[in-house]
Amino acid sequence: MTYDPGNIFAKILRGELPAYRVYEDERVLAFLDIMPRAPGHTLVIPKAPSRNLLDVAPDDLAAVAAVAQKIARAQMSAFGAEGITVTQHNEHAGGQEVFHLHVHVIPRHTGIELKPPLSYKETPEVLAEQAARLSSVLEG
Ligand code: AMP
């Protein structure tokens, strides 16, 4: 399995496609999922090209994990979350749709089920407001 630099997240990293960015450092970018399974659903990706967990360099994986924790903590206050679900898919058989490594960090509330994957496209207005809210907690 090889890395395809034409994937959507590689285009976001190169600035060729827009994204609701909430956090960035030298190794990692985090942005909102445009088809969220719950409000505030965020994706955390390494800047270095890697297809998924099976080929990522350990240092990039560690950097992604550290940012996933940062995002999870910020979501607790930004979205009044009661819990956080973290998922990560590898290859078609593992449920992966976009072939640049990403970790899903999803705010949860008791008794509210996740929407099915890819079932609902959030509006730009709502995504912009949620990105601003999460960014401001991350910056604070
Ligand atoms: P996965 O099944 O783990 O590969 O998940 C891919 C995720 O990428 C899905 O949750 C999609 O909603 C999300 N997604 C696809 N295109 C974009 C995009 N342009 N910006 C943000 N999220 C996206």
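Just a few scattered comments:
- Some residue of the range 81-99 being in contact with a Ser or Thr (Cβ under 7 Å, 6 or more places away or on another chain) and closer than 16 Å to PHE9 by Cβ: no
- Residue within the range 33-43 that is open to solvent by 10 Å² or more (accessible area, probe 1.4 Å) and on the phi > 0 side of the Ramachandran plot present: no
- Only one of LEU134, LEU138, LEU114 that is open to solvent by less than 30 Å² (accessible area, probe 1.4 Å), modelled with pLDDT of 95 or more and on the phi < 0 side of the Ramachandran plot: LEU134
- Within the range 6-45, considering residues that are within 13 Å of VAL67 (Cα to Cα) and acidic (Asp, Glu), the one nearest to the ligand (Cβ to nearest atom): GLU24
- Extreme residue, nearest to the ligand (Cβ to nearest atom), among residues of the range 79-121 that are among the aromatic types (Phe, Trp, Tyr) and touching a residue at least 60 places away in the same chain (Cβ under 8 Å): PHE99
- Residues being open to solvent by less than 70 Å² (accessible area, probe 1.4 Å) and in contact (Cβ under 8 Å) with a residue 24 or more places away in the chain - total across the range 13-25: 5
- Residues that are within 13 Å of HIS102 (Cβ to Cβ) and part of a loop (DSSP other than H, G, I, E, B) were ranked within the range 49-76; the one that is nearest to the ligand (Cβ to nearest atom) is ASN52.
The values are calculated or read from the model by the stated rules, or taken from the named source; none is laboratory data. Computed from a predicted model, the values in this text were never measured in an experiment. Positions of Cβ are backbone-derived with ideal geometry, glycine not excepted, and every protein chain shown enters the neighbour counts. Note: accessible area is taken over every heavy atom of the protein model, side chains too, but ligands, DNA and RNA are not part of it. Shrake-Rupley method; radii C 1.70, N 1.55, O 1.52, S 1.80 Å.
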